Amino acid sequence: MGFHLAIGDSLLGGQGALVQTFEFDEDEAPELTYTYDTEDIDEYLGILQPGQYHVVVGNPPYITPQDKVLNARYRQGYISAAGKYALSAPFVELLFRLAILGGQGQGAGYIGQITSNSFMKREFGKKLIEHIFAGFDAGNPIDLTAVIDTSGAYIPGHGTPTVIIVGRRRRPVGDVVRAVLGVRGEPGQPADPAKGLVWTEIVENFDSINFDGQFVTVTNLQRGIFAEHPWSLAGGGAGALKEEIDLAASRMLAGFAEHLGITAVTGEDSLYMLGASGGASRLGVDNWKYLVEGDAVRDYAIGQSDQAIWPYEDNLEVTPFERLDSGSRRLFSAFRHAINRRRRFGTPMVDRGLAWWEWQELYRDKLESSRTITFAFVATHNHFVLDRGGKVFKQSAPVIKLPEGATEEQHLELLGVLNSSTACFWLKQVSHNKGSTVDTKGARQTQVPWEDFYEFTGTKLQQFPLPSTLPLERGRVLDALAQEVQGAAPRAVLEEWLTDPTRKLADVLNEAAAEWSRLRERLIFEQEELDWEVYQAYALTEGLLTYSGSTIDGLELGQRAFEVALARRVVDGIEETAWFERHNSTPITELPAAWPEDYTKLVRQRLELIEADRGIGLLERPEFKRRWATTSWNVQRDSVLQEAILDRLEDPALWRDTQGPVARSVAELADHLRGDTILKELAKALVGTAEPDLAAVIGGLAPDQAVPYLAAHRYKPSGVEKYRSWQSVWGLQRREDAGEKVTIPVPPKYGKGDFTKTTYWTARGKLDVPKERFISYPGVARESDPTPVLGWSGWSHRDQALALAREIPTQQALGADDDALVPLVAGLVELEPWLAQWHSEIEPEFGASPSAVVGGVVDQYLARMEKTRSQVTAWMPPPATRGRRKSR
């Protein structure tokens, strides 16, 4: 009798399939026939035929299929390949199909797989759960026998949350399914991952019904639960607590809000988003908006946001192309064949009547009122912020819009409840867990549950249950405090000082640091009160356990009730945690003696309830309590001081002399700025010395904000090849502009590996848009001056060419030969097409156009070198050499 086992990690019958097949008689020992095939599946077409395996075990890929043809094929072949699906969903179908179908005179095949749990809560999983698992595919019956939450288990180097699905290919037998529900994740890295605490508790207690441990709960659940989307595999009483919260609600958020979801999608961030350091001004873009990303939405405030091109009128209608500012027109013209084929909902934008230069998606009804509650789409905890206008929100920062006429008070009371630990708990029960970060410190890798990132969607938020009483005053206080904290942050303090730099900057910053810390402690205190107030609003506590006194209004991290309880469990050996170390806080097991008696008494009551009440004990966990993982004051200070120094270096007057635009070495810049008292004060505050070395300060900052003038210096060979493709596209676009009918291919996008330095990639992105502050000139020197030579990125193509042309005789005077001049001439050749396009008008200064002047300079040097434009364009820098270590 043959017994077949398939172990799969294939692409659903596509290329690169890996299937292992074992064949042996049941009575035989393991010296058996073994066949292994890693080649194309076409070499054995029958390997994925349904109904031929007794046992199928798999660990499917978790990726989203990017190939459009394969994506469409999967949709045709698998019901669960729906929406923006991950391959883990149709793989469930495949593995069950491979097993022998029960009920035809033979036993049903067994299936087991560990897979991404993304289908459990994300929308694409609805078909898999409510059609396949619900039993509506008669040809592929599924009998789930076990569902095991392994999202908290430690898997080295792997942060994707997983679930184990076990079943048989037959009609369901019995009304219940064995379920292992997660309580909390692995607290740290086990010495032996196979003996991790979560894995061990699963293995040792799988057969123990009603086991309720520290890490998992084992129980039998009604089969019908697994036929409804979404799944929730939360143990430790989480299911009962969520139900209690739901029952205490008077309405859902959908009945309170008018709009929920994304506001805007550019469709090409690398072009529209110009950075936060003045990129719009350098590129001549006058009409821009701050575009808020989800990462900037934290702790009741919106951090620094990018400037983004805004091609719209005040009434939100698209601005006609001819009325765009000059910078926007030039950018859109240069990159039009990278953006004019963008698709919206699968249809090209232009086919939907949209202008090719506007944003891919803009939901105007969410921009018409000034007040907006925005939130982080992906984060470890819930972050909701009230914005009062002037910004646009990226898809990573969806918004909640209340009905027209809604008051500020209505926004604030909603803000309060949504930022509570109760809301965090509820949202994590229904939201997709994208996984934890993986910190690498040498060989150490640690995953922690409170660093799991969740996807908080508008669809889930619509179902959020609101209590009858909302925390208006607490929301108002927290919102006001957050604004005060921002006002005392280094960026705001420095901006104010720059308007009146009469006081010593170091003194101003020191005072602000103390005020920032004091306000932050007040925020922590008020958030703690909010959490306990909301518990009572949902009837989770019998009375109100908030502080009504006035003798304390601030807390340090480590002093909150849940942190005291956590520290005590650590001391007692009940729990391990990296919470305190990761958040720079000091664990305490005894309440501070300096606390007033009434507050000490209240916190003792809270601690008792955390121990006695399972629901409160669950809510008062790091997974649901605000982290306050703020960038430290000193780091913020240094960052804004560096930015302010760089801003001073962008003074246009610094980059011109009596002859026009001029490049300068770092030492020359320092010489010109020695009389700049503001710059010197900024440098003093940054380095902490009374007489800072300006050349050292500038040299430590500016070169990292510069990108070379020449493609051969910017890119590796792969990037140069892409740049040549872009040059070809630009040439075709100019012919098209002249009225010629041409076919223009879609130009390639750049990747990080195409650039010679990561800083170049960071500045320019996929479309190589010049957003950097400065231009660098590798190989260009000054006499007795080894410091780098820089130009300003705020120059037009005209000024870039004139500054570069001035460098050629300068380098000749320093002894540069023709070979050394080739890259400089090549840089002028790269600029020539842009000069012809934008600077072909005669200027009185030259008696000719800048295009003609620079073209003449190029011709002059090419004749001297006896080279053509193509030859100098082909120049590449010599490969870097490494010195050999001297032998001893």
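Coordinate-derived values only; no laboratory data. Since the model is a prediction, treat every value here as computed from it, not as a measurement. Don't worry about glycine lacking a Cβ; one is built from the backbone with ideal geometry, like all the others, and counts go over all protein chains shown.
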Q. Just the projected area, averaged over all directions, of the convex hull on the alpha carbon atoms of segment 691-772: how many nm²?
A. 6.7 nm²
Q. For ALA355 and ARG371 in the same chain, what is the full-extension length gain: residue separation times 0.36 nm, less their Cα-Cα distance, in nm?
A. 3.0 nm
Q: Show which lysines lie in cross-link reach of LYS195 when reach means a straight Cα distance below 28 angstrom and same-chain residues fewer than eight apart are skipped.
A: LYS428, LYS434, LYS441
Q | Charge dipole (the chain, unit charges on Cβ, about Cα centre) - positive-most of SER421, LEU402, PRO652 | A | PRO652
**Q.** Distribution of pairwise C-alpha distances over segment 255-466, 5 Å bins, in %
**A.** 1, 7, 14, 17, 17, 14, 12, 9, 6, 2, 1, 0
**Q.** Longest to shortest principal axis, alpha-carbon extents of segment 456-536, angstrom
**A.** 53, 26, 17
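Set the Förster distance to 35 Å, then compute FRET efficiency between GLU721 and LYS741 from the Cβ-Cβ distance, nearest 0.05.
Taking R0 as 35 Å, the efficiency between GLU721 and LYS741 is 0.80.
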Q) Kirkwood-based Rg over Rh for segment 79-236 (C-alpha set), two decimals? A) 0.97
Q | Principal-axis tilt of helix 561-571 within the chain, Cα atoms, nearest 10 degrees | A | 70 degrees
Q | Helix-only mean residue ellipticity at 222 nm for the chain, each DSSP H run of n ≥ 4 adding -39500 (n - 2.57), per residue, nearest 500 | A | -11000 deg cm²/dmol
Q: Obtain the nm distance between the two label points defined at ARG503 and SER550 by a simple spin-label model: each point lies 7 Å from its Cα along the Cα-to-C-beta direction.
A: 2.8 nm
**Q.** Extension reserve of the ARG343-GLU243 stretch, reckoned as 0.36 nm per residue once the Cα distance is removed
**A.** 31.9 nm
Q: Note down the nm distance, to one decimal, between modelled labels 7 Å out along Cα→Cβ at ASP192 and at VAL571.
A: 3.3 nm
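Give me D for the chain in µm² s⁻¹, whole number, from Stokes-Einstein with Rh from the Kirkwood sum over alpha-carbon pairs, 25 °C and 0.890 mPa s. Don't jump to the answer; show the numbers that get you there.
Values: Rh = 31.7 Å.
This corresponds to a translational diffusion coefficient of 77 µm²/s.
Any chance you could run the full-extension gain for MET865 through PHE206? It's 0.36 nm times the residue separation minus the Cα-Cα distance, nm to one decimal. Mind showing how you got there, number by number?
Values: separation 659, 0.36 × 659 = 237.24 nm, distance 8.04 nm.
Net length gain for the segment: 229.2 nm.
Taking the Cβ-Cβ separation of PHE846 and ASN59 as r and a Förster radius of 60 Å, what is the calculated FRET efficiency to the nearest 0.05? All intermediate terms of the calculation are to be shown ahead of the outcome.
On the way: r = 69 Å, r/R0 = 1.14.
Efficiency, from the Cβ-Cβ distance: 0.30.
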Q) How far apart, in nm, are two points set 7 Å out from the Cα along the Cα-to-Cβ line at SER728 and at THR658? A) 4.9 nm
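So how do TYR53, TYR454 line up by other beta-carbon neighbours within 10 Å, fewest first?
On the way: TYR53 26, TYR454 23.
Lowest count first: TYR454, TYR53.
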